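**Student:** Can you read through this structure? Questions will come right after.
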């Protein structure tokens with residue numbers, strides 16, 4: 001049920017009210033009460049699921065993070081000991097450093113590509129616009145596990161097509177899965193997957209740019225490129241901010257792609273290539289559920305701080321600009 | 001009217017949810033007092049239909065429900081989670097030797113001595129039986145085992161005039177000779193992602209990394225002289241580029257096996273059959289030999305792989321589950337079926353290793369060599385007395401992240417072994433164990 005049908009129903013109810021026989025004084029108040037309760041009623045399904053699958057597990061994980069299970073002796077309350085261990089854990093920082101580097105390199109490249117693609121699609125100069133829009137977006141529709149598997153195959157030495165091509169040309173393919181090149185290789189996979197997704201968000205925002213602006217810009221003598229950079233991009237700034245926030249969260253939580261690459265490059269990925277992978281291995285290999293919970297909360301705090309810092313800077317700039 | 005429809009929908013949904021919930025819970029019906037008892041068995045061995053049918057026929061009171069939880073680590077995660085949750089574990093489960101103490105120490109397994117497993121002791125190869133016994137209990141019944149040997153490419157050995165090595169010194173000489181003649185082929189591949197292989201090589205070299213003492217104390221010596229000796233040996237070959245360090249069971253590895261990029265595969269008794277399926281195009285070129293020895297004239301192997309059938313403490317029918325575990329792995333007819341196509345499990349039961357049909361199989365993939373007979377002999381040379389830690393998943397992940405890294409980076413394997421010793425000791429302490437020795 002969407003907002004439209006809700007308003008329509010409300011309107012019908014209002015128009016019917018005078019016709020009702022029992023139209024006593026109490027009735028409008030009851031209607032008002034009902035109207036007040038309505039949003040919560042509609043929210044209830046979401047809130048129930050949210051409470052059951054987000055809030056409750058979070059609460060349980062927080063509780064777990066204060067305990068420690070030992071093979072000998074069982075579960076004991078240790079207070080913040082897991083956290084004090086976590087903030088001194090070099091394995092955690094190694095992963096964090098890697099995803100931070102990943103964020104700094106991959107996200108700007110991906111977002112610039114997404115903006116450029118969106119602007120080209122929006123400019124109306126492209127033929128087969130729908131085909132291109134779909135084409136850019138299709139990688140996002142491919143499950144990331146499948147995407148990572150396929151890229152792993154493409155990268156592989158001695159069996160991948162890149163290798164076959166380079167050796168046919170008499171060249172030698174660098175090992176794209178070696179420890180030095182793994183991060184760019186992963187960045188490439190993620191860029192392939194998510195550029196289309198970000199492009200769609202920005203493209204949707206571009207659709208809302210009023211057409212009169214184009215004429216106004218043309219009258220002022222701005223060419224299409226200038227119009228795009230000086231008018232369109234600033235107007236879709238909220239969408240770009242949104243995609244950046246998504247990307248901060250996505251980068252710091254990088255998991256699927258390195259997890260898949262583990263099977264073909266185990267010693268490069270190891271068990272702590274990214275913080276999320278580290279938390280996963282702590283739980284399911286080391287059986288350290290509680291410490292894993294602490295690491296997860298710490299990562300959550302870093303993500304929150306990163307996103308908040310970014311929003312704060314954006315807002316400050318917006319304020320100083322106005 | 002619209003509200004009523006809404007309510008109807010809500011009711012319908014709630015109803016559906018309830019039925020779904022009830023259906024989900026339906027599996028855990030209370031045990032019946034009369035009639036057959038159903039034993040659930042988690043295993044990733046496929047095609048057990050015939051064995052189960054035979055068991056149910058000869059044991060009218062017991063039905064077996066076989067469930068595939070996924071292989072190895074996946075299955076252990078599920079089993080560990082179920083044991084931790086206190087419900088959801090099967091009656092019986094396939095557990096590899098190295099993981100038995102992990103489940104035993106958290107009181108997840110039933111001591112099968114209670115159900116008469118002790119009488120089976122002499123029926124099994126000593127090294128296999130030795131691995132299911134610890135802390136005065138019998139925690140699983142051996143199923144298959146993996147005594148280690150070498151599969152080698154006869155054509156490559158002939159072309160480069162290499163002799164089949166009987167000592168590791170000869171193996172290294174062969175490796176150097178081969179590397180000089182053709183750097184495109186390496187003597188063998190050691191997998192940085194497969195600690196079981198490395199562990200077997202350490203075992204053969206005399207390493208005994210763990211010894212539990214009284215249930216709460218453990219001696220940890222991952223970098224003991226045996227392991228260090230083997231690590232130093234392989235480190236040298238690795239740094240000279242004479243061996244490969246590609247992860248095993250990957251597309252690259254399969255292609256290298258089939259195309260003859262590795263002259264040998266150091267593997268276990270389950271390897272010959274596996275390879276004949278995985279590298280079909282190289283049929284006829286392969287032969288099998290025992291592991292090279294550290295001291296000439298000796299006859300020492302080690303185990304890599306192999307499983308047991310264990311009974312969980314959550315089982316409501318431990319006696320019936322134990323009955324099944326013992327029957328499946330010690331009944332001559334059942335074991336013969338397990339060792340035959342399509343399963344080909346390499347038996348740990350002495351009588352099965354000795355049967356003529358098993359010995360006389362001469363696969364053309366190995367040029368008619370009696371591979372099973374060879375590995376049956378090797379099975380007798382696996383030294384008993386090797387103990388697994390009660391946190392073997394952690395140990396193996398440490399092997400991968402320390403030695404595995406040194407392998408691919410051509411770094412110091414010996415140094416990595418020392419680093420592994422340190423982290424494993426730390427982990428053992430964090431688990432409340434008293435760590436001695438080292």
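Just so you know, all these numbers are worked out from the coordinates, no wet-lab data involved. Worth saying up front: this structure is predicted, and the values here are computed from it rather than measured. Don't worry about glycine lacking a Cβ; one is built from the backbone with ideal geometry, like all the others, and counts go over all protein chains shown.
**Student:** Taking Cα atoms, how many degrees apart are the long axis of helix B:413-430 and the longest axis of chain B, rounded to 10 and kept between 0 and 90?
**Tutor:** 30 degrees
**Student:** Report the relative contact order of region A:83-321, percent, no decimals, based on alpha-carbon pairs under 8 angstrom and at least 6 residues apart.
**Tutor:** Relative contact order, region A:83-321: 29 percent.
**Student:** A further question follows. For peptide B:388-401, what's the mean number of Cβ atoms from other chains within 10 Å of each residue's Cβ? Before the final figure, lay out each step's value.
**Tutor:** Working: counts 0, 0, 2, 4, 0, 5, 7, 0, 1, 6, 3, 0, 7, 8.
Going residue by residue through B:388-401 and averaging, the value is 3.
**Student:** Continuing with this model, one more query. Going by the alpha-carbon gyration tensor, a ≥ b ≥ c the square roots of its eigenvalues, is region A:31-135 rounded (a/c under 1.5) or, if a/c is not under 1.5, prolate (a/b greater than b/c) versus oblate?
**Tutor:** Working: a/c = 3.85, a/b = 1.31, b/c = 2.95.
It comes out oblate by the Cα gyration axes.
**Student:** Something else now. Please rank B:179, B:359, fewest neighbouring Cβ atoms within 10 Å first, as an exposure proxy.
**Tutor:** B:359, B:179
**Student:** Let me ask you something else. What is the extension gain from residue B:53 to residue B:216, computed as 0.36 nm multiplied by their sequence separation minus the C-alpha to C-alpha distance, in nm to one decimal? Intermediate values should be presented prior to the final figure.
**Tutor:** Working: separation 163, 0.36 × 163 = 58.68 nm, distance 4.22 nm.
So the extension gain works out to 54.5 nm.
**Student:** Mind checking which of A:264, A:72, A:105 has the largest fluctuation in a GNM of chain A, springs on alpha carbons under 10 Å?
**Tutor:** Taking springs between Cα atoms under 10 Å, the residue moving most is A:72.
**Student:** Roughly what % of DSSP beta bridges within chain B run antiparallel, to the nearest 5?
**Tutor:** Roughly 65 percent of the DSSP beta bridges within chain B come out antiparallel.
**Student:** Further, regarding this structure: Which residue fluctuates most in the GNM of chain B (Cα springs below 10 Å): B:290, B:209, B:225?
**Tutor:** Its mean-square fluctuation being the largest, the pick is B:225.
**Student:** For the protein assembly as shown, what does the helix formula give at 222 nm: sum of -39500 (n - 2.57) over DSSP H segments with n ≥ 4, over the residue count, nearest 500 deg cm²/dmol?
**Tutor:** That calculation yields -17500 deg cm²/dmol at 222 nm.
**Student:** Under a 10 Å cutoff between Cα atoms, tell me which one of A:136, A:117, A:246 has the largest fluctuation in the Gaussian network model of chain A.
**Tutor:** Greatest mean-square fluctuation among the candidates belongs to A:246.
**Student:** If neighbour count is taken as other Cβ atoms inside 10 Å, put A:255, A:132 in order from fewest to most. Each step should come with its number before you reach the end.
**Tutor:** Values: A:255 18, A:132 14.
Going from sparsest to densest Cβ surroundings: A:132, A:255.
**Student:** With a ≥ b ≥ c the root eigenvalues of the C-alpha gyration tensor of chain B, is it rounded (a/c under 1.5), prolate (a/b larger than b/c) or oblate?
**Tutor:** Note, shape of chain B comes out prolate.
**Student:** Quick check on region B:152-231: take the gyration tensor over C-alpha atoms, sort the square-rooted eigenvalues as a ≥ b ≥ c, and tell me if it's rounded (a/c under 1.5), prolate or oblate.
**Tutor:** Verdict is prolate for region B:152-231.
**Student:** Next question. Among A:182, A:199, rank each residue by its count of other Cβ atoms within 10 Å, from fewest to most, as a rough exposure measure.
**Tutor:** With the fewest neighbours first, A:182, A:199 line up as A:182, A:199.
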